[in-house]
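Input: a single structure, listed below in structure tokens.
The values are calculated or read from the model by the stated rules, or taken from the named source; none is laboratory data. Computed from a prediction, not measured in an experiment: that's the story for all the values here. Note: ideal-geometry Cβ built from the backbone for every residue, glycine included; neighbour counts use all protein chains shown. Just so you know, the surface numbers come from the protein's heavy atoms only, side chains and all, with ligands and any DNA or RNA stripped out. Shrake-Rupley method; radii C 1.70, N 1.55, O 1.52, S 1.80 Å.
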Amino acid sequence: MVPDARLVALIGNLPPIDHVAHGFLDTALGSSPFRPVIDGILVPGQPVRTVMAATGTDLLIGTTSDEADTYTVPCGLVDTATDADLLATARRRFADPARQAAAYRARFPAENPGRLLSHLITDTFTAGSRRLAQAHASRSGGRTFGYEFTWRSPAFAGALGACHCVELPFVFDRVDLPALRGECALLGADALPASLATEVHDAWVRFAATGQPGWRQGTTHRFGDRDGGRTLVAGL
């Protein structure tokens, strides 16, 4: 086993984030060697199979509104990606990539190829989570609760948005950590929304303790709604 101090010391040797970003495109679209590490303890088996085999077990699952921005914004890919990059990424996911790329351009006519790329990858994240939620709801016998975290981080001049992992400091109620605050840190430098960490943390604790996070099955609960309120929308 590698000591924690050794792992931390090696962080500085990781490849530049643009490599991570491009590697993530493969991961999101199913052609990457990156997979969960099945260690037999924390992750005892392939996650989807493990979830589906847990008969009668409740599931809390969700996504953030701008998942891919974690990988496209800090490295600048959101500004430098081209139409060719968008098409190449669509080619890995869709049988008719040109048609899909055109659909994203029509859906977001004012946005550049990098933003369209982010939308495409975010939708891949969301679709996978939704499929797992629907499969769990129909086959496992347990209760299924969905959520979407919509609060947008002000980091990177607001471009980071509701990115991948941005909800985790709220889940663990650790938004006070100095390393998370700053113009280019996960939570940005602006004031955080009052009570959001308490709301999110309490929902996770309730679910762990009772199997009920605080909203109905078959709905998606929105944390930090972009309009400033909380909503429940039908369907997972």
Single residue of region 42-97 satisfying the filter (open to solvent by 40 Å² or more (accessible area, probe 1.4 Å), part of a loop (DSSP other than H, G, I, E, B) and of a type in the set (D, E, K, R)) that is nearest to T210 (Cα to Cα) = D58
Hey, Y147 hits all of (1) outside any loop (DSSP other than H, G, I, E, B); (2) open to solvent by less than 50 Å² (accessible area, probe 1.4 Å); (3) more than 25 Å from A194 (Cβ to Cβ) but one; which does it fall short on?
-> (3)
Inside region 156-189, can you point out the residues that are within 18 Å of G62 (Cβ to Cβ), open to solvent by less than 30 Å² (accessible area, probe 1.4 Å) and in contact (Cβ under 8 Å) with a residue 40 or more places away in the chain?
-> G161, A162, C163, V166, E167, F170
When residues of region 195-226 are limited to those that are closer than 19 Å to A137 by Cβ and of a type in the set (K, R), the one surrounded by the most Cβ atoms within 10 Å (Cβ to Cβ) = R222
Residue set A137, A102, A133; condition over 26 Å from R206 (Cβ atoms) and in a helix (DSSP H, G or I); output residue A102
Of the conditions (1) farther than 28 Å from A155 by Cβ; (2) open to solvent by 70 Å² or more (accessible area, probe 1.4 Å); (3) of a type in the set (A, V, I, L, M); (4) modelled with pLDDT of 85 or more, I38 fails just one. Which one is it?
-> (4)
Members of region 118-145 found to be in contact (Cβ under 8 Å) with a residue 60 or more places away in the chain and either within 19 Å of T72 (Cα to Cα) or of a type in the set (G, A, S) (or both), listed by number = I121, T124, F125, T126, S129, A133, A135, A137, S140, G141, G142
